[in-house]
Amino acid sequence: MSRETSAETVNIVPHVHHDHGHPHPKQPDLEDQPVRYHQLMAEAVGELLIEKGIIAADELRRTIEDIDSRNPAMGARLVARAWVDPAFKARMLEDFNAAASELGIETGAIPIRALESTPEVHHVVCCTLCSCYPRMVLGLPPDWYKARAYRSRVIREPRAVLREFGTIVPDEVEVRVHDSTADLRYMVLPMRPAGTEGLSENQLAALVTRDCMIGTAVPAAPS
Amino acid sequence: MSAAFRIGQRVRVRRAFPPGHVRTPFYARGHDGVIDAIAGDFANPEELAYGRGGELRRALFRVRFAQRDLWPDYAGPPQDSAVIDIYEHWLEPVEEGSP
């Protein structure tokens, strides 16, 4: 096969300086991807807002940094605290944003609600219309949460979807799907797994994954 | 806040298909549910989406539906449910004893 003439190897860069001696596809740069309409629109609006002095570039950057700094460990801290402190749990169920603030997690103006899973009810969260998600305590949603497959199926056949996540909910338990269609955001407060009595709050938080707070998984005691 | 519906009340989602930015999912329209919680008053997203202020705030309800009512062929057990956030102007009271 000739590298010079084969069309399908146009993007193949020979790696003769490596000891394994075979070519790799060229890793595309950001600019090699097609620019999409809404991406351009967002950049244009951002530039206009700055140009007109409505927001400063520095404010925009700080907001993006704040969004990027959010992650599921924040939600996990809240869950672990609720597990060890019943009074905190009560406050969290009453006013989630205020309770988060007690732990130094500022959640902004959008009200978040904790959905407490029990032996009778297993909660799972979705947004069938778009991708509403409690970003202030979980960070950006995973791609599957935004995909049509999850959004259209979890509301219609939640048990089949949960099974694909490896989560089997017994038939006598109610599966309750929450469709975040409007102004509230939802985070599942999962049940504390049995056999975790001796664990510290930090060790408990480590058991709480992102999916446990969406409701597609349940926390397990360390094996 | 004087809410139009009370917790536990049976309501029906309006079977309407207006154009625009509507936050009431198609699959819920025309279906009956029960008020699970009253979430508060919020600016109407159907107005906000078009640059209007949404000053007339709307009560938002958490409405619980039986999955078997939403999907006649629902395969799971009868107690499975869905809770959807729906604004008051999309809800109608269901008279006791009506079909």
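The values are calculated or read from the model by the stated rules, or taken from the named source; none is laboratory data. Fair warning: this is a prediction, and the values are worked out from it, not measured in the lab. Here the Cβ is made from the backbone with ideal geometry for all residues, glycine too, and neighbour counts use every protein chain on show.
With the condition being under 9 Å from the mean Cα position of the chain (by Cα) and surrounded by 17 or more Cβ atoms within 10 Å (Cβ to Cβ), I'd like the strands (runs of 3 or more DSSP E) fully within segment B:24-99 carrying at least 2 qualifying residues.
By residue number, B:32-42, B:58-66, B:81-87.
Would you confirm whether or not segment A:111-127 contains a residue that is under 23 Å from residue A:205 (Cβ atoms), assigned by TED's automatic domain parsing to the domain that holds residue A:165 and under 14 Å from the mean Cα position of the chain (by Cα)?
yes
From A:168, A:155, grab the single residue that is of a type outside the set (Lys, Arg), surrounded by fewer than 21 Cβ atoms within 10 Å (Cβ to Cβ), over 21 Å from residue A:69 (Cβ atoms) and in the same structural domain as residue A:112 (by TED's automatic domain parsing).
On inspection, the qualifying residue turns out to be A:168.
Which residue is farthest from the other protein chains (Cβ to nearest Cβ), if the candidates are limited to segment B:65-89 and must be touching a Phe, Trp or Tyr at 6+ places or on another chain (Cβ under 9 Å) and more than 17 Å from residue A:159 (Cβ to Cβ)?
B:88
For segment B:2-23: of the residues being within 14 Å of chain A (Cβ to nearest Cβ) and either more than 11 Å from the chain's Cα centre (by Cα) or not hydrophobic (A, V, I, L, M, F, W, C) (or both), which is farthest from residue B:65 (Cα to Cα)?
So, considering only residues that are within 14 Å of chain A (Cβ to nearest Cβ) and either more than 11 Å from the chain's Cα centre (by Cα) or not hydrophobic (A, V, I, L, M, F, W, C) (or both), the one farthest from residue B:65 (Cα to Cα) is B:20.
Are there any pairs with C-beta distances below 8 angstrom linking a residue in segment A:93-118 that is without any contact (Cβ under 8 Å) to a residue 40 or more places away in the chain to a residue that is surrounded by 13 or more Cβ atoms within 10 Å (Cβ to Cβ) and part of a strand (DSSP E or B), with the two at least 6 apart or on different chains, and if so which?
Listed pairs, sorted by first residue: A:97/A:112; A:100/A:112.
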